[in-house]
Amino acid sequence: MTAQIISGKEIASRRREDLAEKVKNYSGSGTPVLAVVLVGEDEASEIYVRNKKKAAAAVGIGCEVMTFASSIGENALLEVIDELNENPHISGIIVQLPLPKQINSLHVLSRIRPDKDVDGFSPYNAGLLSYNHPDAFVAATPKGILALLLAVGIELTGKNVVIIGRSNIVGKPLAMLLTNHNCTVTLAHSKTQNLSEAVRQADIVVAACGRPKLVKADWLKEGAVVIDVGINRVDGRLCGDVDFEEAKEKASFITPVPGGVGPMTVAMLLENTFEAFCRQQNNQACCCRHCCS
């Protein structure tokens, strides 16, 4: 048995094409604009922001990148967020993480107006997600993972899911999102005892722990669906948190690294931005809201 590869690159491309048509045919006034706040000179963050800006332009969404020195104070950054909140031309706001040590990320994320929080990281949107509220902006990576599963026809109701990694960006919101889709979810982490045994019970495994090739084939149930969120560089090459070459011989579906979850994250961020724009323009949700319902 060799797993079917879930190509996030292909699925994201189709989603972006659909989104570009929606943006082009939007009957209201104005253009959606994403504001990206980048603090410091982290190379990985700068590359990611450039990719976001390029992808936004391709679907007709504006992208304004605001860069600040790593020495900026928390109060000054909060003032920037306040200005973006009040700017009627800005549809969505994201703050590229991580932030410098002198800045409390929670304070900054909490300051973003909920209807412009297209990253879905604020406590407000996290709370809406926990209540399965339709107005919640869902964090882009979890939303992208759900979209991948649905795109290849994975039935979610009643499935046992093990998520390895409890971050506020991926693990926790994904656990809530999949619970809302009738999965039974185990949120595992570095302190989980007998982790491999827990993974062997899973119909769907999501690895998001930042440990290269942690998940081996003998950890998997025969025919499990494997979603690899990890991006690690080992000996100059990118790899995920799953040993892909081993796991593909036991899984039924598996995402590659690169080309799996990563492209979906950017596509979902752009969908959230257009959703925010529609809500602000029309005081109602656009059709993007139901793409992953």
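Give the whole-number value, in cubic angstrom per residue, of the convex hull volume spanned by the C-alpha atoms of the chain.
125
Computed from backbone phi, the HN-Hα couplings of the stretch 248-263 come to 5, 7, 10, 6, 8, 9, 8, 9, x, 9, x, x, x, 6, x, x Hz, rounded to whole numbers (Karplus: 6.51 cos²θ - 1.76 cosθ + 1.60, θ = phi - 60°; Gly and Pro given as x). Backbone phi angles across the stretch 211-216, fed through the Karplus curve with coefficients 6.51, -1.76 and 1.60 (θ = phi - 60°), yield HN-Hα couplings of 10, x, 6, 5, 7, 9 Hz in residue order; Gly and Pro are listed as x.
Divide, for the stretch 28-113, the radius of gyration over alpha carbons by 2.2 N^0.38 Å, where N is the residue count. Spell out each step's value before the answer.
Values: Rg = 13.0 Å, N = 86, 2.2 N^0.38 = 12.0 Å.
Compactness ratio reported: 1.09.
When the square roots of the Cα gyration tensor eigenvalues are ordered a ≥ b ≥ c, the ratio a/c for the stretch 1-51 is 1.5 or more and a/b does not exceed b/c, which makes its shape oblate. Against the main long axis of the alpha-carbon atoms of the chain, helix 74-86 sits at an angle near 70°. The angle between the Cα long axis of helix 171-180 and the main principal axis of the chain comes to about 80°, on a 0 to 90 degree scale.
Going by neighbour counts of Cβ atoms within 10 Å, the residues Thr2, Thr186, Thr265 line up, fewest first, as Thr2, Thr186, Thr265. Across the stretch 28-113, C-alpha contacts under 8 Å between residues 6 or more apart give a mean separation that, scaled by the residue count, equals a relative contact order of 41 percent.
Listed values for the stretch 35-40 are Karplus-derived 3J(HN,Hα) couplings in whole Hz (6.51 cos²θ - 1.76 cosθ + 1.60, θ = phi - 60°), namely 9, 10, 9, 10, 10, x, and x replaces Gly and Pro. In terms of other Cβ atoms within 10 Å, Leu238, Leu187 run from fewest to most in the order Leu238, Leu187. So for the chain, averaging the separation of alpha carbon pairs under 8 Å that are six or more residues apart and normalising by length, what relative contact order in percent results? Computed over the chain, the figure is 22 percent. Highest mean first, the peptides 176-184, 143-151 sorted by other C-beta atoms within 10 Å per residue fall in the order 143-151, 176-184.
Against the chain, whose longest principal axis is taken from its Cα atoms, helix 8-25 shows a tilt of about 30°.
Put in line by how crowded their Cβ is, counting other Cβ atoms within 10 Å and starting with the fewest, Val199, Val226 read Val199, Val226.
Taking a ≥ b ≥ c as the square roots of the Cα gyration tensor eigenvalues, with a/c under 1.5 meaning rounded and otherwise prolate when a/b beats b/c, else oblate, which class fits the stretch 139-261? Judged from the Cα gyration tensor, the stretch 139-261 comes out rounded (a/c under 1.5). Helical runs (DSSP H, four residues minimum) scored at -39500 (n - 2.57) apiece and divided by the length of the chain put the mean residue ellipticity at 222 nm at -12000 deg cm²/dmol.
Just so you know, all these numbers are worked out from the coordinates, no wet-lab data involved. Since the model is a prediction, treat every value here as computed from it, not as a measurement. A quick note on method: Cβ atoms are made from the backbone with ideal geometry, for glycine too, and the neighbour counts reach across all protein chains shown.
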